[in-house]
Amino acid sequence: MAIPRGRVYRRRVSTFGERMNEMRGWSSARATVDLDVTVDRMPGIVRQAVATVPGLGVSELGPNAGTLFRKTTLAYRAGTIALTFEPQGSRTRVIAVTRSSMPLVGTDYGRGDKDLAALFEAMRAAVAGAKPGPLSPSPTPSLALQRLAIGRVRVFGLVFVIAGAIGCVLAIALLVAPGGRGPVIGSLQLVLWVLMTGVGVRRLLVARRRLAAFEAANGPRAGEQRSGPRGRP
């Protein structure tokens, strides 16, 4: 297309700051929640909620807004969560927006949404008067499974003791045999087999202690699998 004479077309070039803000938008999340609590109680609610959400901490917290930081396993702040508290009569609307400290990545792989969902859930629990905390522990295995786990430790130890003893005998035989391997290599092999035997003995002792504690707590034959004659239970 021909450009008419006398008219100048200028292409707008984005500044570095504008491009960074645009990329931050790619790795951000935004969510709102309405809580049945007055706005003056929000700082305490937020502190109580953050204390129960792993990976979050309080950076700044005021009567109408606050800033949280998102931790990582390397003690590095991976971003922030900006909170705004809007009074709605006797209720409060919380607006939360996450910002990543690494906008060049382009996405936070859904971590912002997960953090906001966990934060809002903890806030609801705090408002309801419940004591938020970690998930309930997994159920205790049955007695049969506990005895089976101890048996596995014992089998592991037996295998190492038997294999280590056989290896020690062979290593000694090669050391004393004429024309065998050199004393350095033979001695190193012998040391390795002795260590393997020691590991097996240690596992046997661990299994013995665990079995003694298990039977002391649950009975001498607790968790044993009994099978009667065919046709009988």
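The values are calculated or read from the model by the stated rules, or taken from the named source; none is laboratory data. Keep in mind it's a predicted model, so treat the numbers as computed, not measured. Quick reminder, even Gly has a Cβ in these numbers, built from the backbone with ideal geometry, and neighbours come from all protein chains shown. Remember, those area values only see protein heavy atoms, side chains included, never the ligands or the DNA or RNA. Shrake-Rupley method; radii C 1.70, N 1.55, O 1.52, S 1.80 Å.
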Requested in this report: May I ask you to list pairs of residues, at least six apart or on different chains, whose Cβ atoms are under 6 Å apart, with the first in region 24-46 being under 12 Å from Val94 (Cβ atoms) and of a type in the set (S, T, N, Q) and the second being modelled with pLDDT of 90 or more and open to solvent by less than 30 Å² (accessible area, probe 1.4 Å)?
Outcome: Thr32/Ile95
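From Arg210, Arg221, grab the single residue that is of a type in the set (D, E, K, R), open to solvent by 40 Å² or more (accessible area, probe 1.4 Å) and assigned to a helix (DSSP H, G or I).
Details: Arg221 fails: assigned to a helix (DSSP H, G or I).
Result: Arg210 is the single residue among Arg210, Arg221 that is of a type in the set (D, E, K, R), open to solvent by 40 Å² or more (accessible area, probe 1.4 Å) and assigned to a helix (DSSP H, G or I).
Rundown of residues vs (1) open to solvent by less than 60 Å² (accessible area, probe 1.4 Å); (2) at pLDDT below 90, yes/no style:
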{"site": "Lys71", "(1), (2)": "no, yes"}
{"site": "Ala75", "(1), (2)": "no, yes"}
{"site": "Ile95", "(1), (2)": "yes, no"}
{"site": "Met102", "(1), (2)": "no, yes"}
{"site": "Asp113", "(1), (2)": "no, yes"}
{"site": "Gly133", "(1), (2)": "yes, yes"}
{"site": "Pro139", "(1), (2)": "no, yes"}
{"site": "Ala149", "(1), (2)": "yes, yes"}
{"site": "Leu170", "(1), (2)": "no, yes"}
Report task. Considering only region 147-174, state which residues are β-branched (Val, Ile, Thr), touching a helix residue (DSSP H, G or I) at 6+ places or on another chain (Cβ under 6 Å) and within 28 Å of Gly219 (Cβ to Cβ). Result -> Ile150, Val153
Query raised in the report: From the set of residues in region 48-69 that are β-branched (Val, Ile, Thr) and open to solvent by less than 30 Å² (accessible area, probe 1.4 Å), which is modelled with the lowest pLDDT?
Result: Val53
Query - Conditions (1) surrounded by 13 or more Cβ atoms within 10 Å (Cβ to Cβ); (2) at pLDDT below 90: number failed by Thr197 - result: (2)
